Amino acid sequence: MKALVYQGVKTLAFLDVPDVILQDGEQLIKVEAVGICGSDMHAYLGHDARRIAPLILGHEAAGTIIGGPKDGMRVTVNPLVTCGTCSACNAKRENLCPDRQIISMAPREGAFAQYVKMPMTNLVEVPRNVPLAKAALAEPLAVSWHAARLAFEALHNSMDRHALVIGGGAIGLAAALALPVMGATSVTIIEPNVARRAFLRDHCGQNAVETTDVTYPIVIDAVGFGVTRASASADFVQPGGVIVHVGLGDEKPGFDVRRATLQEITFIGVYTYSAEDFRNTAAALFDGRLGSLDWIETRPLEQGATAFADLLAGRVAVPKIILDPWT
């Protein structure tokens, strides 16, 4: 089969690779849409020690089951494989399973390929009226759904429901879509890229700004750099408010521990989502509660290396590039 293989820093190659070999309980998925995630970009830049070349990246996938009793079922993929028996899994906090694995990280190859294998429990059926390119957004949307849910669970009931999102990429935009579903009365996105900011305003109907001097009860950092942690904790969050940290841009210092302590600011780190959050996100995607989701650009998987280069250079206005292994 064909796959886009990470071969080293800023090096991707479209290659022939061995066919997928199924294990017990696994389904073969013909990948028909797979998104480029920020974590894929971190690996591409050599910033993720967990993703060692050579490796097939990609974990935001949707496609069709090939073979077996579910042959032909259209599915979106929860890429997080967990043990199902530990205390975290039993508490429905599967994302904290100590034995968790995610495709695109050894030992599980990712979905920048024509086929990928997954347990049936990790698949959600996609209705016929939902394009698979949009169904592939279930994964990044689930990250932000999880983040928004945790933010509102932590927010004191005396505080307003206004929210600020730092970063207008796919995760940031997904957070801006999930927050109103959870009860936010207004959402503002900070996005420094002029073209993307215009796209968010004009095409997605978002209140996107370059910066703000307003403070908010909820701040979601969907970038995760030291500078954004500094802004979130020192400038943007109200006393008694909540910061939810989703992005993993770097490990540099920036979080204002003193202010967080004196002002009783809650900081929540977010890693992926629970299985229930993924299913609930998919349901919201399918029934339209998260909007039209027409903020994607589809390119052939064969042109994946160019797509990564364009993202790195800031030449992409849309929040999400979807790759198609079959064009």
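Rule-based calculations on the coordinates, nothing more; no lab input. Nothing here was measured: the structure is a model prediction, and the numbers come from that model. When we count neighbours, we look across all protein chains shown, and the Cβ atoms used for this are built from the backbone with ideal geometry, even at glycine.
Of all the options A283, A91, A178, the one that moves most in a Gaussian network model of the chain with Cα springs shorter than 10 angstrom is A91. Our coupling estimate for region 244-252, obtained by passing each phi through the Karplus curve with A = 6.51, B = -1.76, C = 1.60 and θ = phi - 60°, is 10, 9, 9, x, 10, x, 7, 10, 6 Hz, Gly and Pro reported as x.
Distance from the C-alpha centroid of region 2-25 to that of region 38-97: 15 Å, rounded to the whole angstrom. Please give the helix 138-154 orientation as an angle from the longest Cα principal axis of the chain, in degrees from 0 to 90, rounded to the nearest 10. In the chain, helix 138-154 runs at an angle near 30 degrees to the longest axis. Estimated at 0.36 nm per residue, the fully extended path between A230 and K92 surpasses their Cα-Cα distance by 46.5 nm.
GNM remark for the chain: springs join alpha carbons under 10 Å apart, and the peak mean-square fluctuation among Q238, Q263, Q101 falls on Q263. With the cut-off at 1.5 for a/c, could you classify region 222-327 from its C-alpha gyration tensor as rounded, prolate or oblate? Judged from the Cα gyration tensor, region 222-327 comes out oblate (a/c at least 1.5, b/c at or above a/b). Of Y271, Y6, the sequence from fewest to most neighbouring Cβ atoms within 10 angstrom is Y271, Y6.
Taking each residue as 0.36 nm, the span from D202 to T121 lengthens on full extension beyond its C-alpha to C-alpha distance by 25.3 nm. Dividing the mean sequence gap of close Cα pairs (under 8 Å, 6+ apart) by how many residues the chain holds gives a relative contact order of 19 percent. Relative to the dominant Cα principal axis of the chain, helix 170-182 is inclined by about 60°. Helical runs assigned H by DSSP (4 residues or longer) give the chain a calculated mean residue ellipticity at 222 nm of -7500 deg cm²/dmol, each run adding -39500 (n - 2.57) before division by the residue total. Treating r as the C-beta distance of L45 and D16 and R0 as 30 Å, the FRET efficiency rounds to 0.70. The value of relative contact order for region 141-269, using C-alpha pairs under 8 Å at least six residues apart, is 25 percent. Taking the chain as the region of interest, the number of lysine pairs whose Cα atoms are within less than 15 Å, with members eight or more places apart or on different chains, is 6. Taking every alpha-carbon pair under 8 Å whose residues sit at least 6 apart, region 189-327 reaches a relative contact order of 19 percent.
Approximating the spin labels as points 7 Å out from Cα along Cα→Cβ, the S158-to-T212 distance works out to 2.3 nm. Against the main long axis of the alpha-carbon atoms of the chain, helix 275-286 sits at an angle near 90°. Computed from backbone phi with θ = phi - 60° and the Karplus coefficients 6.51, -1.76 and 1.60, the 3J(HN,Hα) list for region 197-210 is 4, 5, 5, 4, 6, 7, 9, 9, x, 9, 7, 9, 10, 6 Hz; x is used for glycine and proline.
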